[in-house]
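Visitor: Once you've had a glance at the structure underneath, I'll fire off some questions.
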């Protein structure tokens, strides 16, 4: 959620998979929280559709879309990218009531543990939470072949 008025101290661009139910629910929750940053939410699919990504996110003109589908990314106004657990912590530092959680990330080794947990969940997000692209029949549900296979392989 963006801070009401013009008092946001910084702008962060949250890049997420718009077909992932977990990602969509997380973004919906983030919109409800009070952040001191102006959070701009951009679906990966939006970035794929435009030729000039710097139009949407300043200082970034090119993305590795394979990497974007693996982890949520957060970009700041200078073009610095934070991926996965780093991105989550970057957002938490701006949210009232959750800033204290980001302090745990500074404990030696916690960033590796947090990243492993993030990757574990991210690699199973379609299996556990489903996808908006999921097609179902009486035989069960199937994920889109390209992304579903990528996640089953742990990429």
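Visitor: So how many residues does region 27-64 have that are more than 14 Å from residue 80 (Cα to Cα), at pLDDT below 80 and not in a loop (DSSP other than H, G, I, E, B)?
Guide: The total comes to 2.
Visitor: To continue, here is another question. For region 76-99, check the following and say yes or no: at least one residue is out of contact with any strand residue (DSSP E or B) (no Cβ under 8 Å at 6 or more places or on another chain), modelled with pLDDT under 90 and assigned to a helix (DSSP H, G or I).
Guide: Yes, there is a match, as at least one residue in region 76-99 is out of contact with any strand residue (DSSP E or B) (no Cβ under 8 Å at 6 or more places or on another chain), modelled with pLDDT under 90 and assigned to a helix (DSSP H, G or I).
Visitor: All but one of (1) at pLDDT 90 or above; (2) assigned to a loop (DSSP other than H, G, I, E, B) hold for residue 24; state the number of the condition that does not hold.
Guide: (2)
Visitor: Right, residue 123: modelled with pLDDT under 65 and under 16 Å from the mean Cα position of the chain (by Cα) or not?
Guide: Spelling it out, it is not the case that residue 123 is modelled with pLDDT under 65 and under 16 Å from the mean Cα position of the chain (by Cα).
Visitor: Right, here's the next one. What residue, among those in region 24-66 that are without any contact (Cβ under 8 Å) to a residue 24 or more places away in the chain and touching a strand residue (DSSP E or B) at 6+ places or on another chain (Cβ under 7 Å), is farthest from residue 90 (Cα to Cα)?
Guide: 60
Visitor: Sticking with this structure for a sec: Can you name the number of the only condition in (1) free of Cβ contacts under 8 Å to residues at least 40 places away in the same chain; (2) buried (at least 16 other Cβ atoms within 10 Å of the Cβ) that residue 9 fails?
Guide: For residue 9, the exception is condition (2).
The values are calculated or read from the model by the stated rules, or taken from the named source; none is laboratory data. From a predicted model like this one, the values you see are computed outputs, not experimental measurements. Cβ: placed from backbone, ideal geometry, glycine included. Neighbour counts: every protein chain shown.
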